[in-house]
1. How about region 37-99: which helices (runs of 4 or more DSSP H) wholly inside it have at least 3 residues that are over 24 Å from HIS247 (Cβ atoms)?
2. With out of contact with any Phe, Trp or Tyr (no Cβ under 8 Å at 6 or more places or on another chain), surrounded by fewer than 20 Cβ atoms within 10 Å (Cβ to Cβ) and not aliphatic (A, V, I, L, M) as the only criterion, which of ASP22, ASP42, ASP86, ASP112 stands out?
3. Which members of region 77-127 meet the condition of being small (Gly, Ala, Ser) and in contact with a His (Cβ under 8 Å, 6 or more places away or on another chain)?
4. Could you identify the single residue in GLY171, GLY221, GLY182 that is in contact with an Asp or Glu (Cβ under 9 Å, 6 or more places away or on another chain), assigned by TED's automatic domain parsing to the domain that holds GLY295 and in a loop (DSSP other than H, G, I, E, B)?
5. Among the residues of region 228-237 satisfying the criterion of being buried (at least 19 other Cβ atoms within 10 Å of the Cβ) and of a type in the set (A, V, I, L, M), which is farthest from the chain's Cα centre (by Cα)?
6. Taking the options VAL170, VAL186, VAL142, VAL232, name whichever one is farther than 23 Å from ARG34 by Cβ and among the β-branched types (Val, Ile, Thr).
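The values are calculated or read from the model by the stated rules, or taken from the named source; none is laboratory data. Here the structure is a predicted model, which means the values were calculated and not measured. For neighbour counting, all protein chains shown are included, and Cβ atoms are generated from backbone atoms with ideal geometry for every residue, glycine included.
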Amino acid sequence: MNMLIEVHCGGAQDVTGYVAIDSLVGGAAHGGLRIAMDASPDLLRRAARTMTLKYGWVGLPVGGAKAAIHADSAVSGGEREALLRDFGSAIAPYLRSGMYVPGEDMGSSADDITVVFRAAGMRPLPRSLMYTSSGLYTGVGVCASGIAVARHLGIRVDGMRIAIEGFGHVGSSAALEFHKAGARVVAVSTIAGGLRNDSGLDVPALVEVARSRGDQAVTDGRFGDRVPIESVPSTPADVFCPCAIMHTLTLKNAGLLVARIVVPGANVPYTEEADRILQARGIVAIPDFVANCGGILGSSMSRTGLSHERITSIVSRRVGGETTRLLSAAADEQRTLRSLATETALKRFHEAQTRFEGRSPGKVIMRAAVSAYRHGLVPRSLLAPAAGWYYDARWR
């Protein structure tokens, strides 16, 4: 579909907002709303495409979209609320028609999305939003994907070195999961700087500090040496996890990467030039929609009433298993990971779309059931058993 909607929001400040819709299923597309200075039409289109591929990869019948307000994510108070209200009012036709369903993303929260909906004269559906658990389950999947690649390459997980760019919901979750698996997280970074400890950071303690200090946690010298942000990708490590903004691996730094494995928590972390450089250097760079699909999968399951433990188990097992199968198939077919994964994701997307949009009585009943679910009309006590079967047995 590839539609880009550009709107004005922010009064005298002339702030621009965008909604990129890449695909529709049942006339709707889902994707997060970013508040960030890196927002641009090209990046939003790529991010929306990534959402289509991500939903396709996990076999969920959902269209892909992404939205952004080109502003500093730190904007707060009345100025922030005014931006959100203006944006919601400007895209109201797309929200009211159900064409675009927003969720939280980098720089935005569930409260922000509620402001956007209210500005359009709506209330968000009870089970339509993504919550902060999305970042947590994204991190679970990133770790599972990284461990799968390491095992494929014969690298021992115990003591494996991890460098993580970005220490928000996704990066901190991935760090905890790697730590639990016995790996050493040797470097992390936020917008406030980088932190390095070759013996391994005390991840649980650092995460606890981050809960109260946010990005400033990396300035705490008790955990390790403070280093420049730009040095983290070149830190000696086995696995590098870009979990921050888009396009952090570029022509400028792809040649400096030391890690043998790249497992992204962020969407669109590679420029096209960086992707080619990593491939030429023999670095295993997992496509973003493969490594970080645990977020949409986990948040979708969390709305059905499945327990955190069950969700974590399914996400870890499925993302790890799919990563292993991708690596083996790409080697057998002598294809790049991205080309094979993209082809597979699009095939699954169209299959899920066709199943959902079918006109048979069974498909009509299924759509009615999904609508009732999203409106919160189906009790969680009835949802959980069916959801457990669906996500555990049906996801490929």
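1. Correct list: 77-90, 92-96.
2. ASP42
3. Across region 77-127, the qualifying residues are ALA90, GLY103.
4. The unique qualifying residue is GLY182.
5. ALA237
6. None of the others qualify; the one that does is VAL186.
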